[in-house]
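K.L.:
Below is one structure. I have some questions about it.
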Amino acid sequence: MGLFSALNIAVSGLQAQAFALQNISGNIANSQTPGYKGINTLFVDLMPNMPAGTQTSGGVIASSAPTNTIQGQIQASAIGTYMAINGQGFFPVKEGNNSAGGNGPTFPGGDLYTRRGDFQLNAYGYLVNGSGYYLEGIPINPITGNPSGTALAPLQFSNAFLPANPTSTITYGANLPSYPQTTNSDTTVPGSELLDPTDFVDGDPTVSGTGNVMGGVDTTTFMNESIDGGTITCYDGSGAAVNLEFRWAKTDSATLGAGHTDNWELFYQTNSNATTNASVSWVNAGTDFSFDSSGELSPAITSINLTGVSVDGTSLGNLTFSLGGGLTQFSTTSGATTVNSLQQDGYAAGQLQSLSVGSNGRISGSFTNGKTVDLAEIPLFSFASPDSLQSLDGGAFAVTGDSGPALSGASGQLVGASLEGSNADIADQFTQLIVTQQAYSANTRVITTANEMSQDLLNILR
């Protein structure tokens, strides 16, 4: 019985080593496959059920040991839509079926998961990896920047168009000179740097007056008694661009003595073509900006509302003029306004040019209008037992009862323009190949030896 048991045990050894060779060959074949997770081999001894004093060595059985939790090397790529996961997590993907008539794919199956991140846009604008799996995510409203719901869906960016967004807020920050160098200013004449309401023939343009500068001679007077405050391009509801120009006029100065304070008023141009006193050229913002001796606003002003703003016939509507960049009054040698911040939140419509992936887990689009906005969010999923996932063709995995359900919020971080390589190390696999070959040869030697011993036993009968 011992000889025949030895033969059976050797055969189990051959089968186990052949099983290991199959895994090794697969790992070597996929050493350059993006996101590939190698399969190692576990050997389990089979012990005969015998008393301890007479127990002998038994056979062996081999089983697979997935390495789904072992990360491959991440390498940079020139393709912006490639993405890798640094750490724990899987991409959600779906398998698509091409529908008849060229109307794009359908997605009848359930959610699958992968680490293969070589995603690129196909003919229908979907992000598809090299194995043909479609990336899923959550679309983002490009205007609000918030996700549109929570449901996963294959991401499509075909002919993505960013609608125009009208300007609603202008953020401004500047330093106003203590002594503005206006055209009419003369250091030998006190108050000559100030806007004088009595110089205007068609109404007082200050806050306490009409608040408007009329065309013609009053416009010339205003330009001579004010300084430039900066110009910014704004957009109406259709995306039409207009240049909104600001000017500052100092209306009072603390240097004139008791009862006086440093006071400024802001104007914006409403009609650049106003040449007669029949039309308004500049509009007063309607607020006094007063400064204390330390050059700070007193009282403090964070924002003002500009109502019914119109520039050369283009209506911008109501705007918020935010002093988020700060407004101060300090002495300068130039006597000009130093604009530190001048921004607005509107933009014209634009066509999608390119996609990129950020570490925040979002896909951003660059548009022809110069805007870059978030378009989709890619959630990463983890599993209680990732090595228990069912492996499918193309580096995809399906949920099993042993793996547990997909859990959102994996700790891994997306790396854009990068790709995770195979985790099968060639040097390690060749070392295992040598060991497997030697073990296989040793088992054949056991069979040969058992056969020779059997022949010797049969020869006793001759």
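The values are calculated or read from the model by the stated rules, or taken from the named source; none is laboratory data. In this text the structure is predicted, and so the values were computed from the model without any measurement. Note that we place each Cβ from the backbone using ideal geometry, even for glycine, and neighbour counts take in every protein chain shown. The accessibility values were calculated without ligands, DNA or RNA, using every heavy atom of the protein model including side chains. Shrake-Rupley method; radii C 1.70, N 1.55, O 1.52, S 1.80 Å.
K.L.:
When both residues are 6+ apart or on different chains and their Cβ atoms are under 7 Å apart, which pairs have a first residue that lies in segment 57-76 and is in a strand (DSSP E or B), and a second that is of a type outside the set (A, V, I, L, M, F, W, C) and open to solvent by 90 Å² or more (accessible area, probe 1.4 Å)?
P.N.:
Pairs that qualify, where the first residue is in a strand (DSSP E or B) and the partner is of a type outside the set (A, V, I, L, M, F, W, C) and open to solvent by 90 Å² or more (accessible area, probe 1.4 Å), are GLY59/ASN8; VAL60/ASP45.
K.L.:
Would you confirm, using the coordinates I've provided, whether VAL357 is hydrophobic (A, V, I, L, M, F, W, C) and either touching a Cys at 6+ places or on another chain (Cβ under 6 Å) or more than 21 Å from ALA76 (Cβ to Cβ) (or both)?
P.N.:
Details: hydrophobic (A, V, I, L, M, F, W, C): yes; either touching a Cys at 6+ places or on another chain (Cβ under 6 Å) or more than 21 Å from ALA76 (Cβ to Cβ) (or both): no.
No; evaluated as a whole, the condition is false for this residue.
K.L.:
Additional query: List, please: which pairs have Cβ atoms under 8 Å, are six or more places apart or on different chains, and start with a residue in segment 344-366 that is within 25 Å of THR231 (Cα to Cα) and end with one that is open to solvent by 50 Å² or more (accessible area, probe 1.4 Å) and in a strand (DSSP E or B)?
P.N.:
Pairs that qualify, where the first residue is within 25 Å of THR231 (Cα to Cα) and the partner is open to solvent by 50 Å² or more (accessible area, probe 1.4 Å) and in a strand (DSSP E or B), are GLN344/THR233; ALA348/ALA241; ALA349/PHE161; GLY350/PHE161.
K.L.:
So, one more: Within segment 199-225, how many residues turn out to be among the polar types (S, T, N, Q), touching a helix residue (DSSP H, G or I) at 6+ places or on another chain (Cβ under 8 Å), in a loop (DSSP other than H, G, I, E, B) and over 19 Å from THR261 (Cβ atoms)?
P.N.:
0
Per-residue answers, yes or no, for (1) modelled with pLDDT under 95; (2) open to solvent by 30 Å² or more (accessible area, probe 1.4 Å):
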position: LEU7; (1), (2): yes, yes
position: VAL11; (1), (2): yes, yes
position: ALA16; (1), (2): yes, no
position: MET50; (1), (2): yes, yes
position: SER57; (1), (2): yes, yes
position: GLN88; (1), (2): no, yes
position: GLY96; (1), (2): yes, no
position: SER99; (1), (2): yes, yes
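K.L.:
Considering only segment 221-229, I want to know if a residue exists there that is of a type in the set (Asp, Glu) and touching a residue at least 40 places away in the same chain (Cβ under 8 Å). Don't jump to the end; show me each part of the working.
P.N.:
Of segment 221-229, the ones of a type in the set (Asp, Glu) are 225, 228.
Then keep just the ones that are touching a residue at least 40 places away in the same chain (Cβ under 8 Å); that gives 225, 228.
The answer is yes, given that some residue of segment 221-229 is of a type in the set (Asp, Glu) and touching a residue at least 40 places away in the same chain (Cβ under 8 Å).
K.L.:
Here's another thing I want to ask about it. Among the residues of segment 423-438, which ones are open to solvent by 20 Å² or more (accessible area, probe 1.4 Å) and hydroxyl-bearing (Ser, Thr, Tyr)?
P.N.:
Answer for segment 423-438, where residues must be open to solvent by 20 Å² or more (accessible area, probe 1.4 Å) and hydroxyl-bearing (Ser, Thr, Tyr): just THR431.
K.L.:
A further question on this structure: Going by the structure shown, is GLY117 at pLDDT 95 or above, within 25 Å of ASN68 (Cα to Cα) and not in a strand (DSSP E or B)? First the steps, then the outcome.
P.N.:
On the way: at pLDDT 95 or above: yes; within 25 Å of ASN68 (Cα to Cα): yes; not in a strand (DSSP E or B): yes.
Taking the combined requirement at face value, the residue satisfies it.
K.L.:
From the list THR255, THR187, which residue is free of Cβ contacts under 8 Å to residues at least 12 places away in the same chain, farther than 24 Å from GLY313 by Cα and open to solvent by 40 Å² or more (accessible area, probe 1.4 Å)?
P.N.:
Values: THR255 fails: free of Cβ contacts under 8 Å to residues at least 12 places away in the same chain.
Testing whether each residue is free of Cβ contacts under 8 Å to residues at least 12 places away in the same chain, farther than 24 Å from GLY313 by Cα and open to solvent by 40 Å² or more (accessible area, probe 1.4 Å) leaves just THR187.
K.L.:
Quick check on my filter: what residues within segment 352-411 are open to solvent by 50 Å² or more (accessible area, probe 1.4 Å) and in a loop (DSSP other than H, G, I, E, B)?
P.N.:
Within segment 352-411, SER359, ASN360, THR368, GLY370, LYS371, ALA384, VAL399, GLY401, ASP402, PRO405, GLY409, SER411 meet the criteria.
K.L.:
Tell me the residue from ILE61, ILE138, ILE74 that is more than 30 Å from ILE447 (Cα to Cα), in contact with a strand residue (DSSP E or B) (Cβ under 9 Å, 6 or more places away or on another chain) and open to solvent by 30 Å² or more (accessible area, probe 1.4 Å), please. Before you say what the answer is, go through the steps one by one.
P.N.:
Numbers: ILE61 fails: more than 30 Å from ILE447 (Cα to Cα); ILE138 fails: open to solvent by 30 Å² or more (accessible area, probe 1.4 Å).
Testing whether each residue is more than 30 Å from ILE447 (Cα to Cα), in contact with a strand residue (DSSP E or B) (Cβ under 9 Å, 6 or more places away or on another chain) and open to solvent by 30 Å² or more (accessible area, probe 1.4 Å) leaves just ILE74.
K.L.:
Among the residues of segment 345-354, is there at least one that is closer than 30 Å to VAL280 by Cβ and at pLDDT 95 or above?
P.N.:
Looking only at segment 345-354, we keep the residues that are closer than 30 Å to VAL280 by Cβ, and these are 345-348.
Imposing the further condition that a residue be at pLDDT 95 or above reduces the set to none.
Scanning segment 345-354, I find no residue that is closer than 30 Å to VAL280 by Cβ and at pLDDT 95 or above, so the answer is no.
To keep it simple, each residue is scored yes or no on (1) closer than 16 Å to ILE232 by Cα; (2) out of contact with any Leu (no Cβ under 7 Å at 6 or more places or on another chain); (3) of a type outside the set (Lys, Arg).
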position	(1), (2), (3)
SER279	no, yes, yes
TRP282	yes, yes, yes
SER294	no, yes, yes
LEU297	no, no, yes
ILE301	no, no, yes
LEU319	yes, no, yes
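K.L.:
I would also like to ask the following. Evaluate the following for ALA336: is it in a loop (DSSP other than H, G, I, E, B), in contact (Cβ under 8 Å) with a residue 24 or more places away in the chain and either basic (Lys, Arg) or open to solvent by 30 Å² or more (accessible area, probe 1.4 Å) (or both)?
P.N.:
Here the answer is yes, as ALA336 does meet what is asked.
K.L.:
May I pose another question? Of the numbered conditions (1) of a type outside the set (Asp, Glu); (2) within 27 Å of the chain's Cα centre (by Cα); (3) surrounded by 12 or more Cβ atoms within 10 Å (Cβ to Cβ); (4) at pLDDT below 95, ALA442 fails exactly one; give the number of that condition.
P.N.:
The number of the failed condition is (2).
K.L.:
Given the residues ALA427, ALA417, ALA439, which is the only one that is among the small types (Gly, Ala, Ser) and over 24 Å from ASN86 (Cα atoms)? Reasoning before the result, please.
P.N.:
On the way: ALA427 fails: over 24 Å from ASN86 (Cα atoms); ALA417 fails: over 24 Å from ASN86 (Cα atoms).
Just one listed residue meets the conditions, ALA439.
K.L.:
Here is a follow-up. Are there any pairs, at least 6 apart or on different chains, whose C-beta atoms fall under 7 Å, with the first in segment 390-402 and more than 14 Å from TYR134 (Cα to Cα) and the second β-branched (Val, Ile, Thr), and if so, which?
P.N.:
As it stands, the answer is GLN390/THR400, since those pairs meet every condition given.
K.L.:
If I ask for residues that are modelled with pLDDT of 95 or more and part of a strand (DSSP E or B), which ones from segment 154-198 would you list?
P.N.:
Within segment 154-198, PRO154, THR169, ILE170, THR171, TYR172, GLY173, ALA174, ASN175, LEU176, PRO177 qualify.
K.L.:
Shifting gears a bit: Could you please find all residues in segment 26-41 being open to solvent by 30 Å² or more (accessible area, probe 1.4 Å) and free of Cβ contacts under 8 Å to residues at least 24 places away in the same chain?
P.N.:
ALA29
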